[in-house]
Amino acid sequence: MPLVAVRNVTKIFDLAESPFGGRGAGQVRAVDDVSLDIHEGETLGLVGESGSGKSTLGRLILRLIEPTSGSILFEGIDLLRANGSELRRIRRDMQIIFQDPFGSLDPRFRVEDVIAEPLILHRKTLHPAIAGQKTQVESPGRDARRQRVRELLRAVGMDESAMSRYPHEFSGGQRQRIGIARALALRPKFIVADEPVSALDASVGAQIVNLLQQLQRDFGLTYLFISHSMPVVRYLSTRIAVMYQGKIVEVGTTEQITTQPQHAYTRKLLAATPEMAAS
C-alpha cells in the first residue's frame, strides 16, 4: 500500500470569487483528474512549468485547500472523510516546506518560537531528534520544547544561538533551514517540499538539496519534491511525475523519465535544459 494515494483529484477555482475576478470571470481547472502514488521512503519529484498545477496538487494532498472532487488517502485513511480529531492526528505526520523562506516565517517570532509552534499546537515533545526512535510524550513545558528546538537546529546545521534571533537576521538559505527544522518538529513521515530551492542561488540551493537527502536518511522521510528544474529533480528523486496543464502526463523512474521520455512535453522539458539534452 502506498503511503499517499491520490485518486482522480480535481481542483477548479472559480475566478468570480477571486479579488481580481468578477461576474462571468469563468473557472480554472488547476488540477485535472490526477491519480498518483507516493511510496514510503521514496522521493517523488513533481516537475512542470509554472502554472502547471504542481503547488496546488501539493496543497491538496495536505488538505491545505479542498479538492473539488476525488480522494486522497494517507496510510489507507481517506483524508477527505477524516473528522477533526482524526485529521489533527494525521497532520502530525504530514508537513510542508514552503518556497519562500522569508514569507513563510512569522517576522514577529524568534526562531525558538517559530520552530516550537507545532509542538505547542499539538502539545507534544518528541525525543530524540535522531532517527531510530519515535517515542512521543506529553510536553512537560518550555524546557523540553527548548531542548527539542536545539536538537532540530543542530539537525539542519545551525547553532542554538539562533534561537533568540528573528528571521530577518538570517540569509535566505539559513531561513530555509529554519523552515525545514519547523517541518521536522513533529517527526513527520511525509513532507511536501514546494520549490524549496527556487528562491535561493545555486550554491545555497545545492546545500539545501544535500541537507534534504541527509535528513531523509536520518529520519526515514518520504518526500514529494516539487520543482520546475529537471536537473534538481533528477538529482534528488527516486521517481518523477511530469505535470502539464493540470494533468500528470508521465510517471516513471528517474532513469526512465530522463533517458527514455514517452511524452512530448517531457521531451521538451529535457531539451530545454542543455546539460540534460546532451545526457
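The values are calculated or read from the model by the stated rules, or taken from the named source; none is laboratory data. Worth saying up front: this structure is predicted, and the values here are computed from it rather than measured. A quick note on method: Cβ atoms are made from the backbone with ideal geometry, for glycine too, and the neighbour counts reach across all protein chains shown. What goes into the accessible areas is simple: the full protein's heavy atoms, side chains included, and nothing from ligands, DNA or RNA. Shrake-Rupley method; radii C 1.70, N 1.55, O 1.52, S 1.80 Å.
Screening the candidates G70, G51 for the property of being on the phi > 0 side of the Ramachandran plot and assigned to a strand (DSSP E or B) yields one hit, G70. Counting only residues that are of a type in the set (K, R), in a helix (DSSP H, G or I) and within 16 Å of T222 (Cα to Cα), the stretch 73-96 holds 1 of them. For the stretch 197-227, taking the residues that are open to solvent by 10 Å² or more (accessible area, probe 1.4 Å) and of a type in the set (S, T, Y), the one that is farthest from L36 (Cα to Cα) is identified as S203. Here A206 clears all of (1) without any contact (Cβ under 8 Å) to a residue 40 or more places away in the chain; (2) closer than 29 Å to I120 by Cα except the condition numbered (2).
I'd like to check something: does the stretch 35-48 contain any residue that is surrounded by fewer than 20 Cβ atoms within 10 Å (Cβ to Cβ) and without any contact (Cβ under 8 Å) to a residue 24 or more places away in the chain?
Looking through the stretch 35-48, none of the residues is surrounded by fewer than 20 Cβ atoms within 10 Å (Cβ to Cβ) and without any contact (Cβ under 8 Å) to a residue 24 or more places away in the chain.
L79 meets each of the listed conditions (1) more than 24 Å from L153 (Cα to Cα); (2) open to solvent by 20 Å² or more (accessible area, probe 1.4 Å) apart from (2). Looking across the stretch 237-259, the residues that are within 17 Å of I38 (Cβ to Cβ) and touching a helix residue (DSSP H, G or I) at 6+ places or on another chain (Cβ under 6 Å) come down to S237, I240, V242, M243, E250, T254. The single condition among (1) open to solvent by 60 Å² or more (accessible area, probe 1.4 Å); (2) touching a strand residue (DSSP E or B) at 6+ places or on another chain (Cβ under 8 Å) that M230 does not satisfy is (1). Looking across the stretch 137-193, the residues that are of a type in the set (S, T, Y) and either touching a Ser or Thr at 6+ places or on another chain (Cβ under 9 Å) or outside any loop (DSSP other than H, G, I, E, B) (or both) come down to S139, S161, S164. Scan the stretch 237-271 for residues that are of a type in the set (G, A, S) and at pLDDT below 95 and jot them down. Result: A271, single match.
Taken over the stretch 93-125, the criterion of being closer than 18 Å to P196 by Cα and crowded, with 18+ Cβ neighbours inside 10 Å is satisfied by M94, Q95, I96, I97, F98, Q99, P101, S104, L105, V114, I115. Please determine, by comparing only the residues of the stretch 50-67 that are within 12 Å of the chain's Cα centre (by Cα) and among the basic types (K, R), which one is surrounded by the most Cβ atoms within 10 Å (Cβ to Cβ). Top of the filtered list is K54.
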